[in-house]
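Student: Dumping the structure here so I can ask a few things about it.
The values are calculated or read from the model by the stated rules, or taken from the named source; none is laboratory data. Bear in mind the structure is a predicted one, so any value in this text is a computation, not a measurement. Glycine also receives a Cβ, built like all others from the backbone with ideal geometry; neighbour counts cover every protein chain displayed. Surface areas here come from the heavy atoms of the whole protein model, side chains and all, with no ligands, DNA or RNA. Shrake-Rupley method; radii C 1.70, N 1.55, O 1.52, S 1.80 Å.
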Amino acid sequence: MKKNILIVSGSPRGKNGNTASIAEYAYKKLTLEQLQSAILYLETEINRVENILKHMDAADVIILAIPVYQNSVPGLVMEFFEKVYNNKNILIRKERKLLVIANSGFAERGAGSGAIKTCMLFARDIGMVWMGGFTAAPGTLIDGKALEKTGNTYQRLRLMIDIIPGCIRSGKAIPEDALHLMDKPLMSPLIYRIAGRIIQRLKKIDSSRG
Amino acid sequence: MRLTVINGSELDNASVLKCLECIDNNLGTPDLSWEIIDLGRYPLKRCIGCDACQYVNPGVCAIADGLNEILTRYLESDKVIIFTSIRFGSFNAKTKNFIDRTEPLFLPYQIYKNGRTRMKSRYDHYPDLLFAGILNDEDAEAAAAFRFIASNSSLAAASENVEIIVLYCNDESGSYIKQLKEKGSA
């Protein structure tokens, strides 16, 4: 039976930004592999609960792309979780899998672990099978570009997304050793922090209350 | 002492006051002035990630829905208690929207402190902080996740004294069965 994949893009920035770039790359990969997919942007769709539930109902696999806000999912994604949970009895009973791709503003080991954990507990409470979750740390250097144009920095992230179609076809979770590929930050945390400071100083950021 | 209670939970203010008694906060102390801010009365809009609080009007959120006034009261307090319902091991949406919008209290610089990256504080002083998370049923996994997430928030990192408490609330009797308390510091 043909599998339906729903990619939920959970950034408050909608179709702009790094989370959208990740969601769109995943969509392209799945489509190239002839897997039926759709993207739902929470920023525009969050108040259309019936539409969200309709897409959730049809989906066998949900790929959730999220930014990390304050070590967890953004408020927008928590609203989505609460709305789906409140309506979980309406959803057709079938096996659904959840896979999460997070992106963090910190270049740090474990940067997305709080957000991933939030999503795992959502999967648990809603009765979805956990397929795996990983974080691009940092995701900021995607800078809203198409992921295929982000060079070596995001090679590991592209590789991780590239293995998703195979996992969906075989009905397996993302392998543990693949998940570990994303443990190490995508660039040196020290260089990232120093470069960030230099850039802010060049922009002459005002440290007063304004 | 100035105490501000920020209620983002699904409980009403009266129930939150009962919780406060449970966690030993003596509201009757003569020198104490306190208030409850009920996030449900706003409700606050979610953070839109515009970064205007960093680059356009530093320290000020661009969305004028009362959030900036809450942040001012936050900074003027000696202690803040944030009540939330724990959903999926994290803050519920109402509270999380507030937590996300505390970004104006920080600078767009990352620093490394106590083994983790955090955003640099914009101000010299932040209040002592207590996170009170409310669960309907015992759920060790959700409680542990909440403690981890709350302790890694920017607000927790900026405060010198942070406590995280998980309360189990029995809705039917309105009584608060159990309290698990864990002290943590930024």
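Student: If ligands, DNA and RNA are left out, what is the accessible area of A:Lys28 with a 1.4 Å probe, given in Å² to the nearest 10?
Tutor: Ignoring ligands and nucleic acids, A:Lys28 comes out at about 90 Å².
Student: Rolling a 1.4 Å sphere over the protein heavy atoms, what is the accessible area per residue of region B:119-158, to the nearest Å²?
Tutor: Solvent-accessible surface per residue comes out at 36 Å².
Student: May I pose another question? Percent relative contact order of region B:1-122, based on C-alpha pairs within less than 8 angstrom and at least six residues apart?
Tutor: 34 percent
Student: Could you work out the pair-distance distribution P(r) of chain A from its alpha-carbon pairs, with 5 angstrom bin width and percents rounded to whole numbers?
Tutor: Per 5 Å bin, starting at 0, the Cα pair percentages come out as 1, 7, 15, 20, 20, 16, 9, 5, 3, 2, 1, 0.
Student: While we're here: For a test of the definition: using alpha carbon positions, the gyration tensor, and the 1.5 limit on a/c, classify region A:1-76 as rounded, prolate or oblate.
Tutor: Here region A:1-76 falls in the oblate category.
Student: Using only the Cα atoms of region A:89-163, build the gyration tensor, take square roots of its eigenvalues as a ≥ b ≥ c, and label the shape rounded, prolate or oblate: rounded if a/c is under 1.5, else prolate if a/b is larger than b/c, else oblate.
Tutor: Since a/c reaches 1.5 and a/b is larger than b/c, the shape of region A:89-163 is classed as prolate.
Student: For the pair B:Glu69 and A:Glu148, how long in nm is the line joining their label points, each one 7 Å along Cα→Cβ?
Tutor: A separation of 5.2 nm, rounded to one decimal place.
Student: Roughly how compact is region B:80-129, stated as its Cα Rg over 2.2 N^0.38 Å to two decimals?
Tutor: This ratio for region B:80-129 stands at 1.32.
Student: On to the next question. What is the list of residues in region A:153-178 whose amide nitrogen lies under 20 Å from a point 7 angstrom out from the Cα of A:Ser188, following Cα to Cβ?
Tutor: Inside the label zone: A:153-156.
Student: Here's a follow-up. Over the Cα atoms of region A:128-198, Rg to Rh with Kirkwood Rh, two decimal places?
Tutor: Across region A:128-198, the Cα-based Rg/Rh ratio is 1.04.
Student: Here's something else I'd like to know. Using helices alone, what [θ] at 222 nm do you get for chain A, with -39,500 (n - 2.57) per DSSP H run of 4 or more residues, divided over all residues and rounded to the nearest 500?
Tutor: Value at 222 nm, helices only, nearest 500: -12500 deg cm²/dmol.
Student: Another question about this same structure. Kirkwood Rh, region B:3-161, all Cα pairs: how many Å?
Tutor: 16.3 Å
Student: Would you mind giving the three semi-axes, in whole Å and largest first, of the ellipsoid equivalent to the protein assembly as shown according to its Cα gyration tensor?
Tutor: 34, 26, 18
Student: Next up: Hey, what number do you get for chain B at 222 nm if only DSSP H runs of n ≥ 4 count, each worth -39500 (n - 2.57), divided across all residues, to the nearest 500?
Tutor: My calculation for chain B gives -7000 deg cm²/dmol from helical runs alone.
Student: Percent of accessible area on chain B owned by carbon and sulfur, 1.4 Å probe?
Tutor: With neighbouring chains kept in place, the figure for chain B is 46 percent.
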